[in-house]
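Written out below as structure tokens is the structure these notes cover.
The values are calculated or read from the model by the stated rules, or taken from the named source; none is laboratory data. Here the structure is a predicted model, which means the values were calculated and not measured. Please note: Cβ atoms are built from the backbone with ideal geometry, for glycine as well, and neighbour counts cover all protein chains shown. Note: accessible area is taken over every heavy atom of the protein model, side chains too, but ligands, DNA and RNA are not part of it. Shrake-Rupley method; radii C 1.70, N 1.55, O 1.52, S 1.80 Å.
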Amino acid sequence: DEDEWNEASQEVYFDVDECVLGDCCDLVSSRNTLSSVYSTNDSTNSGFAGEVATRHSTSAIDPSLEQSINTLINQSLTFLPILTPILAFTTYETVAKMFEMMIEILAQRNWVAVDGGAYQMKILTPAINGIVVPSISILFATLISNTVATLRQRQLDVRTTLNTEAGDIRALVSMVDSFPLPSFSDYQDRCRSYLLQYTTRIIAESQSGVKINSLDFTGSLDSEMNGFLSQLNEMNSFEYEEQDCHIDAPATNIPPHISNECYGALTRLNSLRSTRISALQSTFPPLHYAILLMLAGSICITFLIESNQELLYFLNAVQLKILWTMLIGTFSALGVVCYDLSDPFRGSYEISTCVDQLYTIKDTLRATAQMKEAAISKSKKEIQQST
């Protein structure tokens, strides 16, 4: 009866609440903690679970502070490639002297080079320029090229899947609105609720700082679309149950073309989400960036070794400063690009704008549910007034 159905449906939605809230807490970092809030309607709405809204938890960082942190990060990414070369130009003399002192300490020499180290560099130059520098430079260029290309392609893949998912969700919303009424009114409400929860899940997974690797434990296909599929299967089974078991079923069955379109959209959404999660999980380990950092540092040390001559510094001090500035500026710019691309939803290369359409879809689903609830309340009042 209706009371048993309300109790069962509430248990189902509470389970969904725990699942979504648990995943969101794992997905979003401490400064992006999300909480899911479900409101159940009265018994006249057949246990329809209402809208789900995501908001920042009161125990997390204040939203204004979080926005300030994001703004600071974006400004740092913008000005760091400019400030670092300036700092390198002004501190080159200090760095060169400290490096020379370190070499003297490590070498423990008991003699002094009267030519300012020119003869030493004449001996070292063939080994440095012929073997060391080419090997390090080729390896560094190969790794940095693959890193930037892979991260950029990953970002484009995530953007494409998000846009395609939004289109399929819109199609599902339209098909759910086309369910025959009043036969499938309860199923329409539950399917719309699943779509709202799934849209919320995608938004939670598309935030800066998302710990997407936690989905390895839950499975990328573990989502609210499984519940939507169960509702769709139950609706399509009425016709066969009515023929075989002679049970009471809705007088109007769901149209075949709507059913086929729903199944197709669900299949595409599951496939797209798997692709998106796989792309987000395909990151480079910290060891990869540590190797890049060591290679860049090795090139800088090689420059300091070759320029460690008193005569060279006396005659070409400004030129050496300019070359050092160019070297440090290049490496700092590459570091900023890699850091920026490491999170698709942060920095200059962010793709957060494609997530805005999901908020529109969520607002549409909420408005539709509220309009239906208002219509039901209005009809109830009219019936009471007429009686």
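Listed values, structure above:
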| item | result |
| --- | --- |
| Segments classed as helices (runs of 4 or more DSSP H), wholly inside the range 264-342, with at least 1 members that are modelled with pLDDT of 90 or more and among the hydroxyl-bearing types (Ser, Thr, Tyr) | 286-306, 317-342 |
| Pair list, Cβ < 7 Å and 6+ apart or interchain, from the range 120-147 residues that are more than 26 Å from Val336 (Cβ to Cβ) and without any contact (Cβ under 8 Å) to a residue 12 or more places away in the chain to residues that are open to solvent by less than 40 Å² (accessible area, probe 1.4 Å) and among the small types (Gly, Ala, Ser) | Gln120/Ala113 |
| The range 79-131, residues that are in a loop (DSSP other than H, G, I, E, B), modelled with pLDDT of 75 or more and either of a type in the set (Asp, Glu) or at negative phi (or both) | Thr91 |
| Selection count where residues are open to solvent by 20 Å² or more (accessible area, probe 1.4 Å) and in contact (Cβ under 8 Å) with a residue 60 or more places away in the chain, scope the range 351-368 | 6 |
| Residue count, the range 161-177 (criterion: within 17 Å of Met235 (Cβ to Cβ) and open to solvent by 60 Å² or more (accessible area, probe 1.4 Å)) | 2 |
| Verdict on Gly347 being part of a helix (DSSP H, G or I) and over 30 Å from Ser193 (Cα atoms) | no |
| Lone qualifier among Ser76, Ser68, Ser36 - being modelled with pLDDT of 75 or more, closer than 30 Å to Asp363 by Cβ and surrounded by 12 or more Cβ atoms within 10 Å (Cβ to Cβ) | Ser68 |
| Which listed residue, of Leu292, Leu323, Leu334, is buried (at least 19 other Cβ atoms within 10 Å of the Cβ) and closer than 30 Å to Glu93 by Cβ | Leu292 |
| Qualifying residue in the range 164-175 (condition: closer than 30 Å to Arg192 by Cβ, without any contact (Cβ under 8 Å) to a residue 24 or more places away in the chain and not hydroxyl-bearing (Ser, Thr, Tyr)) | yes |
| All positions within the range 337-349 that are in contact with a helix residue (DSSP H, G or I) (Cβ under 9 Å, 6 or more places away or on another chain) and crowded, with 19+ Cβ neighbours inside 10 Å | Val337, Asp340, Leu341, Pro344, Phe345, Arg346, Gly347 |
| All positions within the range 272-292 that are aliphatic (A, V, I, L, M) and in contact (Cβ under 8 Å) with a residue 12 or more places away in the chain | Leu272, Ile277, Ala279, Leu280, Ile291, Leu292 |
| The range 371-387 residues that are surrounded by 12 or more Cβ atoms within 10 Å (Cβ to Cβ), paired with ones that are part of a helix (DSSP H, G or I) and charged (D, E, K, R) (beta carbon under 8 Å, 6 or more apart) | Lys372/Asp189 |
